[in-house]
Amino acid sequence: MLYGLETVALRKRQEAELEVAETKMLRFSLGVTRMDRIRNEYIRGTAHVRCFGDKVREARLRWFGHVQRRDSEHIGRRMLRPRGRPKRRFMDVVKEDMKLVGVREEEAEDRVRWRQMIHCGDP
């Protein structure tokens, strides 16, 4: 479900829909139905899976750090400054993620430290 999502600026509603789909898949794989009335937090704890939003945030910041370490003429770096004004820009979402996690753009240069700081996905 995460394939290619590191480059997408998801809206809250889209993220919620993907979270619901992932929870349905977890319930199916554990053999639990909605009729059993088991909370989603318990399902995630049993499967040892973190929240979908955390995993997407980690993937997005990992990709951003990778692109940030490239030289300034690389196509990926140029794509961070798109032309036009989409409804929700990728860099706006990345800046929100960095603020939430507590990291700065300059810290992306040290790859090992960057990975440690942004890690918030599955245990």
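Each reported figure results from applying straightforward, stated rules to the coordinates on display, with no laboratory input. What you see is a predicted model; the values in this text were computed from it and never measured. So basically every Cβ, Gly included, is an ideal-geometry build from the backbone, and we count neighbours across all protein chains shown.
Observations on the model:
- Total lysine pairs in the chain at Cα distances under 18 Å, for residues eight or more apart or on different chains: 8.
- Entry note, the chain: the mean residue ellipticity at 222 nm calculated from DSSP H runs of n ≥ 4, each adding -39500 (n - 2.57), is -17000 deg cm²/dmol after division by the residues and rounding to the nearest 500.
- Percent RCO, i.e. relative contact order, over the chain, from Cα pairs under 8 Å lying at least 6 residues apart: 34 percent
- Ordering of 50-56, 31-37 by packing is 50-56, 31-37, highest average first (other Cβ atoms within 10 Å, averaged per residue).
- Over the chain, volume per residue of the alpha carbon convex hull, in Å³: 111 Å³
- Segment 1-49 - Rg (one decimal) and Dmax (whole number), Cα, Å: 12.3, 37
- The string of couplings for segment 46-63 from the Karplus curve (6.51, -1.76, 1.60, θ = phi - 60°) is 5, 7, 6, 10, 7, 4, 4, x, 5, 5, 5, 4, 5, 5, 5, 5, 5, 5 Hz, one whole number per residue in order, with x for Gly and Pro.
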